[in-house]
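Let me begin by presenting the structure, written as structure tokens, before commenting on it.
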Amino acid sequence: MKPILLQGHERSITQIKYNREGDLLFSVAKDTVANVWYSVNGERLGTYNGHTGAVWCVDVDWDTKSVLTGSADNSCRLWDCETGKQLALLQTNSAVRTCGFDFSGNIIMFSTDKQMGYQCYLNFFDLRDPQQIEDNQPYVSVPCSESRITSAIWGPLGEFVIAGHENGEINQFSAKSGEVLKKVKEHTKQINDIQPSVDLTMAITASKDNTAKLFDSTSLEHIKTFKTERPVNSAAISPIMDHVVMGGGQEAMEVTTTSTRIGKFEARFFHAAYEEEFGRVKGHFGPINCVAFHPDGKSYSSGGEDGYVRIHYFDPQYFDFELEA
């Protein structure tokens, strides 16, 4: 089936996110705009306007009431999903790199970059306490002096946050106290992306060291490794099959001298158990920055350096295969 092309951004896509039902797809890019689309036909539903810098991250809560965005304009903003009205503005000293709602939608976390002499911080706000929002004062703020956080997700039950760092480390931060519960270092270079499995028991990391790795969310035990010959910018786990999709490509700086064929800009499918690649999907004219599976597992989306979001439909049973012993 022909992919649906979403053209609503002028610069490269930084993150895409489905809501829980999968009827909406949220996309943010380096062009200050956050868009929301109908995932079934690619029609643009609306935009969230207010940021003045590149928008690095987006998340939507469990019941699709609120949307959270973090930007290089040193702010994290909370929006009403339906009306596009800005509900809260949290100012920071440096760019907001990652953000996310916990399971209940009551607590948000976001991390800031280490720049302009400011530290990297992981901040937790309770939205049920208007005073925290008014005073711009998180109930827990964790300094990360060693290495900045480049990607983070909530763990199961919202007890901790799993964060990937610039130096390849993965840490678990307690959402109550902010202390580091666990620490592992399986990657040798920066972690670009972390995404959870549908039941939150596993998380997949994508790294500049040309690999994606599967971890147990609670113990951080390393389970599988998927190897490629280029940096992996994003990876996602299929909600219904033992499949992993990965997107990446060369660094954006090197792309101008590379043809699309050599640059390896395809999305790549791996079997989650056998660690073997079994499919590639072409489409983007530059590196893929983010990938996401639809919650029903029958389509996936990818956002690229070329500023396009593509929704690809496929029949997963054609992708199911048994490897010979």
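The values are calculated or read from the model by the stated rules, or taken from the named source; none is laboratory data. Since the structure is predicted, the reported quantities are computational estimates derived from the model, not experimental observations. Note: ideal-geometry Cβ built from the backbone for every residue, glycine included; neighbour counts use all protein chains shown. Surface areas here come from the heavy atoms of the whole protein model, side chains and all, with no ligands, DNA or RNA. Shrake-Rupley method; radii C 1.70, N 1.55, O 1.52, S 1.80 Å.
For the stretch 3-318, what is the charge dipole size about the Cα centre, in debye to the nearest 20, if Lys and Arg each add +1 at the Cβ and Asp and Glu each add -1 at the Cβ?
Numbers: 29 positive and 40 negative charges, 132 e Å.
It works out to roughly 640 debye.
First measure r as the distance between the Cβ atoms of ASN167 and THR225, then evaluate 1/(1 + (r/R0)^6) with R0 = 22 Å and state the FRET efficiency to the nearest 0.05.
After rounding, the FRET efficiency stands at 0.75.
Mind giving me the FRET efficiency for ARG280 and ARG11? R0 is 22 Å, r the Cβ-Cβ distance, nearest 0.05 is fine.
Working: r = 26 Å, r/R0 = 1.17.
Given R0 = 22 Å and the Cβ-Cβ separation, E is 0.30.
At what distance in angstrom do the alpha carbon centres of the stretch 53-105 and the stretch 158-193 lie from each other?
When both Cα centres are located, 21 Å separates them.
Using r as the Cβ-Cβ distance of ASP296 and LYS183, and R0 as 41 Å, what FRET efficiency do you calculate, to the nearest 0.05?
That pair, ASP296 with LYS183, gives E of 0.70.
Which length gain, in nm to one decimal place, applies between SER145 and ASN41 when the Cα-Cα distance is subtracted from 0.36 nm times their residue separation?
Contour length minus Cα-Cα distance gives 33.0 nm.
Among the listed pairs LYS114/LYS183; LYS65/LYS85; LYS183/LYS298; LYS2/LYS213; LYS114/LYS189; LYS17/LYS227, which are separated by more than 23 Å between their Cα atoms?
Those over the limit are LYS183/LYS298; LYS2/LYS213; LYS17/LYS227.
Out of the trypsin sites (Lys or Arg not before Pro) in the stretch 159-259, which ones are loop residues according to DSSP with at most 14 other C-beta atoms within 10 Å?
LYS176, LYS189
Given a 1.4 Å probe and every protein chain left where it sits, what share in percent of the accessible area of the chain is carbon and sulfur?
Within the chain, the accessible surface is 48 percent carbon and sulfur.
Where only protein heavy atoms count, and the probe is 1.4 Å, what is the accessible area per residue for the stretch 3-318 in Å²?
Working: 13280 Å² over 316 residues.
About 42 Å² of surface per residue is accessible.
Take every Cα pair under 8 Å in the chain that's 6+ residues apart, average their separations, divide by the length, and report that relative contact order as a whole percent. Intermediate results must be reported in sequence, preceding the final value.
Details: 939 pairs, mean separation 42.5, N = 325.
Answer for the chain is 13 percent.
Looking at the stretch 1-93, which trypsin sites (Lys or Arg not before Pro) are DSSP coil and have at most 15 other C-beta atoms within 10 Å of their C-beta?
Taking the stretch 1-93 and a limit of 15 other Cβ atoms within 10 Å, the loop trypsin sites (Lys or Arg not before Pro) found are ARG11, ARG20, LYS65, LYS85.
Sorted from largest to smallest, which semi-axis lengths in Å does the alpha carbon gyration tensor of the chain give for its equivalent ellipsoid, taking the root of 5 times each eigenvalue?
29, 22, 19
By the scheme Lys and Arg +1, Asp and Glu -1, what is the net charge of all other residues having a beta-carbon under 9 Å from that of SER111?
Residues close to SER111 contribute a combined charge of +1.
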